[in-house]
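The values are calculated or read from the model by the stated rules, or taken from the named source; none is laboratory data. Since the structure is predicted, the reported quantities are computational estimates derived from the model, not experimental observations. Neighbour counts are summed over all protein chains in view; Cβ atoms, including those assigned to glycine, are modelled from backbone coordinates with ideal geometry. Surface areas here come from the heavy atoms of the whole protein model, side chains and all, with no ligands, DNA or RNA. Shrake-Rupley method; radii C 1.70, N 1.55, O 1.52, S 1.80 Å.
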Amino acid sequence: MRNRRPRGTAFRSSIAVGCVSAIMGVSALGAIAASADASRTSEPSGTIGVAGATAEPAAPADTLAATQVALDDGPAVTSELSVAAAPFTGGTQVSVAGEELDQVASVTVGGAPATIVAADDGALTFTVPAVGAGSLGATADVQFTDAAGAPVDVEAPTAVVAAGTSVVQPLEGELTGALEAPAPTAPRTLTLTYTSDPAIDAQVGYVLAYWSSYNSDVYPVIHGYDCANFASQSLLARGWTMDAGWYVDLSTGAMSPSWASSTALRDYLYTRTDRAVELDDSQRDLVKAGDIAQFDWDSSGDRDHTAVVTKVEHAASGTRVWVGGHTKDADYWDVDTALATGGGSVTYFSIS
């Protein structure tokens, strides 16, 4: 049974304590009153009074007033989002405070499902999903639902107590059996604004600038299989720094295998657990712009082509991904079209 109840753990305990206090109080006060009456008279019980009538002592009458009981109403969010804006590329963790938030079953941002990272009675944290670059600057509603699919209330106090105003305390409610008056609340909707990520902007911008013209004035070109070379360049544009395992010497044109080979780049990214997490195609909803996509055309286990994710769209029918790159020179190549024409499979590296 879930009916609206005033918020607060103090209230929950006050109901039980109040009922006990009321019962004990009535009995105790009755006993005290009876004792006081006995001490104020010297006449014994059954003394002859006026007109010879015998006065019988009145039986104490205990009265127990009915106590209202407020029942639990399920989860409710009672705070703002911990952040008001997040990059459209997703991955930002956002928290809210409230009550019984461990009963929240799902969170959506702009209609896209968000992953719940942690939840307990008083707090919930979720991860903002990635959206297409076209959502930059857009404001998305954040919705919460319980296990039954019902929307979770988002509430905020609307009344302010003026200085010097008397406020009923929980103890008073316990002694009288009356419920505390809850602070007035008003339903509202939480919103999140999608912002840009400068590092990803630089990376995707580099891909869109040089997918067809190449940047041969700066980097060497590997004719016929320049895809990993170009993807590596994009990571450098994003802010990555070269190391002993992944590099190009611009003065000599020498490259590490991981810079120029798709399979070797995969193996290098496996070692970069601080900045790269592999995803298979069933995890496509986690892919975002700037991630690395790799294709295995012949299902041999190695990687035959590398590209950079340039666009992601989430819809009720599923997630669509587009990539840009060299060798298959493209700015927006639909991954599903690529698989339909080339066969094989695709995997991704989520880049941070």
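Considering every residue within the stretch 259-273, establish whether at least one is at pLDDT below 95 and either among the aliphatic types (A, V, I, L, M) or open to solvent by less than 20 Å² (accessible area, probe 1.4 Å) (or both).
Just the residues of the stretch 259-273 that are at pLDDT below 95, to begin with: none.
Scanning the stretch 259-273 turns up no residue that is at pLDDT below 95 and either among the aliphatic types (A, V, I, L, M) or open to solvent by less than 20 Å² (accessible area, probe 1.4 Å) (or both).
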Being surrounded by 14 or more Cβ atoms within 10 Å (Cβ to Cβ), among the small types (G, A, S), out of contact with any Leu (no Cβ under 9 Å at 6 or more places or on another chain) and closer than 20 Å to I200 by Cα: is that true of G245 here? no
Which residues, counting only those in the stretch 110-141, are within 10 Å of Y194 (Cβ to Cβ), open to solvent by 50 Å² or more (accessible area, probe 1.4 Å) and assigned to a strand (DSSP E or B)? T139
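Every residue, every condition in (1) buried (at least 19 other Cβ atoms within 10 Å of the Cβ); (2) part of a loop (DSSP other than H, G, I, E, B); (3) in contact with a helix residue (DSSP H, G or I) (Cβ under 9 Å, 6 or more places away or on another chain), yes or no:
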| site | (1), (2), (3) |
| --- | --- |
| S299 | no, yes, no |
| D302 | no, yes, yes |
| E313 | no, no, yes |
| K328 | no, yes, yes |
Please count how many residues of the stretch 210-242 are in contact (Cβ under 8 Å) with a residue 40 or more places away in the chain, surrounded by fewer than 12 Cβ atoms within 10 Å (Cβ to Cβ) and of a type in the set (S, T, Y). 1
Specify the residue that is farthest from F349 (Cα to Cα); the eligible residues are those in the stretch 84-97 that are in contact (Cβ under 8 Å) with a residue 40 or more places away in the chain and either β-branched (V, I, T) or in a strand (DSSP E or B) (or both). V96
What about A307, is it at negative phi, open to solvent by less than 40 Å² (accessible area, probe 1.4 Å) and either out of contact with any Leu (no Cβ under 9 Å at 6 or more places or on another chain) or not in a helix (DSSP H, G or I) (or both)? yes
Consider the stretch 340-351. How many of its residues are among the hydrophobic types (A, V, I, L, M, F, W, C), touching a residue at least 24 places away in the same chain (Cβ under 8 Å) and not in a strand (DSSP E or B)? 0
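For every residue, the table says whether it meets (1) hydroxyl-bearing (S, T, Y); (2) over 27 Å from the mean Cα position of the chain (by Cα).
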residue: G224; (1), (2): no, yes
residue: C227; (1), (2): no, yes
residue: L235; (1), (2): no, yes
residue: W246; (1), (2): no, yes
residue: A264; (1), (2): no, yes
residue: T271; (1), (2): yes, yes
residue: Q283; (1), (2): no, no
So the check is Cβ under 7 Å with 6+ separation or different chains; which pairs have a first residue in the stretch 321-336 that's free of Cβ contacts under 8 Å to residues at least 60 places away in the same chain and a second one that's among the polar types (S, T, N, Q) and not in a helix (DSSP H, G or I)? W322/T310; V323/T310; Y332/T310
The one condition in (1) open to solvent by 70 Å² or more (accessible area, probe 1.4 Å); (2) in contact with a Leu (Cβ under 8 Å, 6 or more places away or on another chain); (3) modelled with pLDDT of 95 or more; (4) not β-branched (V, I, T) that L286 fails to fulfil: (3)
Is it the case, given these coordinates, that T158 is touching a strand residue (DSSP E or B) at 6+ places or on another chain (Cβ under 8 Å), at pLDDT 90 or above, of a type in the set (V, I, T) and open to solvent by 70 Å² or more (accessible area, probe 1.4 Å)? no
